[in-house]
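The values are calculated or read from the model by the stated rules, or taken from the named source; none is laboratory data. All figures in this text were calculated on a predicted structure; none of them were measured in a lab. Cβ placement follows ideal geometry from the backbone for every residue including glycine, while neighbour counts extend to all protein chains displayed. These accessible areas exclude ligands, DNA and RNA; they are computed on the full protein's heavy atoms, side chains included. Shrake-Rupley method; radii C 1.70, N 1.55, O 1.52, S 1.80 Å.
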Amino acid sequence: MKRNISWLRSLSAILVITVIACSTQKKAGVTTGKAFLKTVEQEFIDAGAQYKILMKDLPADRFPKTYFPTTGKHEYSGSGWWCSGFYPGTLLYLYEQTKDMALYNEALRILEPLKKEQYNKTTHDLGFMMFCSFGNAARIQSKPEYKDMLINSAKSLSTRFNPRVGCIKSWDSKKQPEFLVIIDNMMNLELLFWATQVTGDSSYYKIAVTHANTTIKNHFRPDYSSYHVIDYNPETGVVQQKRTAQGAADESAWARGQAWGLYGFTVMYRATKDPQYLSQANHIAHFLLSHPNLPADKVPYWDFNAPGIPNALRDASAAAIMASALLELQQYVDTAKAKEYVGAAETMLRSLSSPAYKAKPGTNGGFLIEHCVGHMPQKTEIDVPLTYADYYYIEALKRYKELGK
Ligand code: GLY
């Protein structure tokens, strides 16, 4: 863990502006719909009321995962599930928008049983789990305890990095030699940039950059769609297989995976200002927005190559992630592209806020968004609400509102 003071000084100058204060800036010439901005304000109020329903029956130390409208039953998880950070994260975003202390107090309550995950070295999802939760909590109120927890989380995540492969391991595998990396893993890198900024230890930054560079090299096809899973040889770093786990086929474009890539490379550009990451994010955006299978409401089918299109199920979670990513990406591109990205994100948000995807108050078990697909090949979480759809939906609305200012 060598330190280079002058390099770090310029690095932290970038990071102070970008990682901590990622408020969304409007480009000159880009407009937001005034009427829709009013809808957005109302959405935050409605969402706060809806989350009070979700919190009502939540067992202590359990985290909301999904709800099955056909049986009327919730599915909850422990703190170790990859989605445990989204419920506190959504509550914190909603508290910021509504100033409703009941939402903040619920977030603080549920952060307690999540704390222990800072030492979890068995998952690559610590960015989702700890940064969406404690990262937002620290942004609202800086506390040494949050800082220590996030640093410990970054340390735990870093133990999964293999320098021969140049990646953080996603899933542990009993088959040897196998080192599995999924595109989703791009979402855990923001935590590492944060850790370098606050500690001055560049090793986290270097791991994030190396992981992203290896991902550009091996995860993408010539059209900038991405594979879901790459299997590397852990000793040599050689790619052994490119395949899917949650998509329709090894060669298909699983919608949420594409969304994770778009969001991940947008964050990479924010944190490093390296133009190769901006270029990657723009190419991914182009693949998504010009795809003949993207429906007019811009809520993708669960896989861009799903069998049965146009009758295949949509994945509203993918639209929420894409909308949030595009609203950040528009800041870094020229006005024509910015207009395209804001327009597409607005269409996605209008769709998600419409009765086609937004649950009626008091329904959907207290979740906000309907019609998501978790894991089609495993036949789990199909056409249901998902906690991360709500999180990125509210984050995207927040970003849209910031653009309107
Ligand atoms: N990271 C798992 C998923 O997107 O379903």
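Does the stretch 305-323 contain at least one residue that is among the hydrophobic types (A, V, I, L, M, F, W, C), surrounded by fewer than 23 Cβ atoms within 10 Å (Cβ to Cβ) and without any contact (Cβ under 8 Å) to a residue 12 or more places away in the chain? The answer is yes, given that some residue of the stretch 305-323 is among the hydrophobic types (A, V, I, L, M, F, W, C), surrounded by fewer than 23 Cβ atoms within 10 Å (Cβ to Cβ) and without any contact (Cβ under 8 Å) to a residue 12 or more places away in the chain.
Mind listing whichever residues of the stretch 229-275 are away from the ligand (no atom under 16 Å from the Cβ), open to solvent by 40 Å² or more (accessible area, probe 1.4 Å) and under 18 Å from Cys167 (Cα atoms)? Scanning the stretch 229-275 gives Glu235, Thr236, Val238, Val239, Gln240, Gln241, Lys242.
Counting only helices (runs of 4 or more DSSP H) wholly contained in the stretch 58-160, the ones carrying 2 or more residues that are under 18 Å from Ile369 (Cβ atoms) and hydroxyl-bearing (Ser, Thr, Tyr) occupy 86-98. Selection of the stretch 16-44 for residues being farther than 28 Å from Met187 by Cα, at pLDDT 80 or above, of a type in the set (A, V, I, L, M, F, W, C) and touching a Ser or Thr at 6+ places or on another chain (Cβ under 9 Å) yields only Phe36.
Residues in the stretch 183-228 that are crowded, with 21+ Cβ neighbours inside 10 Å, of a type in the set (S, T, N, Q) and assigned to a helix (DSSP H, G or I): Asn185, Asn188, Thr196, Gln197, Thr215.
Exactly one residue out of Asn188, Asn152, Asn162 is touching a residue at least 60 places away in the same chain (Cβ under 8 Å) and within 30 Å of Asn105 (Cβ to Cβ): that is Asn188. Considering the stretch 352-405 alone, what residues qualify as being of a type in the set (Asp, Glu) and not in a loop (DSSP other than H, G, I, E, B)? Listed by number, the residues that qualify are Glu381, Asp383, Asp390, Glu395, Glu402. Just one of (1) over 18 Å from Gly135 (Cβ atoms); (2) assigned to a helix (DSSP H, G or I) fails for Leu180. It is (2). Quick one: is Ser252 outside any helix (DSSP H, G or I) and of a type in the set (Gly, Ala, Ser)? Yes: the conditions hold for Ser252.
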